[in-house]
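K.L.:
The structure's right below; bear with me while I get my questions together.
The values are calculated or read from the model by the stated rules, or taken from the named source; none is laboratory data. What you see is a predicted model; the values in this text were computed from it and never measured. Methodologically, a virtual Cβ is constructed for each residue, glycine included, from the backbone with ideal geometry; neighbour enumeration extends over all protein chains shown. What goes into the accessible areas is simple: the full protein's heavy atoms, side chains included, and nothing from ligands, DNA or RNA. Shrake-Rupley method; radii C 1.70, N 1.55, O 1.52, S 1.80 Å.
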Amino acid sequence: MQNILTIAAACLVNDDGEILLVRKRGTSYFMQPGGKLERGESARSAVRREIQEELGLCFEEADLEDWGLWEGPAANELDTSIVAHLFKSAFHGQVKPQAELEEVLWISPELALARDDIAPLLRDRVLPNLMAEQRQQTTSR
């Protein structure tokens, strides 16, 4: 029987259109900041808490655009699927890994998609959506 985890994750994008990827200690896949919802916690509250714990950043609820749900395989846990509540926000500043994070990386969506060490959620949903959104913004200028 497969385990199912409910998580909340954030797509943080800087002024250059790069996305912030994080890698947790002892894992090999990069993903967005975020994590598991605690009992009774909303997805929006969970992603704000996780960003605070992992990166020391504070976001207001209004700063986080709802980017819908995604279901698929977990990156670092065998026989596990995730239900991910996705959010997106602009971020302007520096970050340093904290808590269980080992590495952070700002990277263009195109370069990230070419890597073989990104989580399925990034590869299948976040990066294609971000690239489409950026193309649309470029053509509408």
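K.L.:
Report, ordered by the first and then the second residue, all pairs with beta carbons closer than 7 Å, sequence separation of six or more or different chains, a first member in region 28-50 that is touching a residue at least 12 places away in the same chain (Cβ under 8 Å) and more than 13 Å from Glu100 (Cα to Cα), and a second member that is in a loop (DSSP other than H, G, I, E, B) and open to solvent by 40 Å² or more (accessible area, probe 1.4 Å).
P.N.:
Going by the 7 Å Cβ cut-off, the qualifying pairs are Tyr29/Asn76; Ala43/Leu37; Ala46/Leu37; Ala46/Glu38.
K.L.:
Scan region 53-65 for residues that are within 22 Å of Ile118 (Cα to Cα) and surrounded by fewer than 20 Cβ atoms within 10 Å (Cβ to Cβ) and jot them down.
P.N.:
Passing the criteria: only Glu53.
K.L.:
Quick check on this structure: which one of Ala9, Ala43 is within 19 Å of Asp117 (Cβ to Cβ) and open to solvent by less than 30 Å² (accessible area, probe 1.4 Å)?
P.N.:
After applying the criteria, what remains is Ala9.
K.L.:
So, one more: Which residues, taken from region 66-91, are open to solvent by 20 Å² or more (accessible area, probe 1.4 Å), in contact with a Phe, Trp or Tyr (Cβ under 9 Å, 6 or more places away or on another chain), more than 20 Å from Ala132 (Cα to Cα) and not small (Gly, Ala, Ser)?
P.N.:
Asn76, Val83 - these are the residues of region 66-91 that are open to solvent by 20 Å² or more (accessible area, probe 1.4 Å), in contact with a Phe, Trp or Tyr (Cβ under 9 Å, 6 or more places away or on another chain), more than 20 Å from Ala132 (Cα to Cα) and not small (Gly, Ala, Ser).
K.L.:
Right, another one. Looking only at residues that are assigned to a strand (DSSP E or B) and of a type in the set (A, V, I, L, M) in region 80-99, which one is farthest from Arg125 (Cα to Cα)?
P.N.:
Ala90
K.L.:
Only one residue in Glu50, Glu102, Glu77 is closer than 20 Å to Ala119 by Cα and either assigned to a strand (DSSP E or B) or not acidic (Asp, Glu) (or both). Which one?
P.N.:
Glu102
K.L.:
If we keep just the residues of region 94-140 that are free of Cβ contacts under 8 Å to residues at least 60 places away in the same chain and closer than 17 Å to Ile82 by Cβ, which is least open to solvent (accessible area, probe 1.4 Å)?
P.N.:
Pro120
K.L.:
Identify, please: which residue in region 26-40 is open to solvent by 30 Å² or more (accessible area, probe 1.4 Å) and of a type outside the set (Lys, Arg) and is, among those, nearest to the chain's Cα centre (by Cα)?
P.N.:
Only one residue fits best here, namely Met31.
K.L.:
For the structure I just gave you, tell me whether Arg23 is of a type in the set (Lys, Arg) and buried (at least 16 other Cβ atoms within 10 Å of the Cβ).
P.N.:
Yes: the conditions hold for Arg23.
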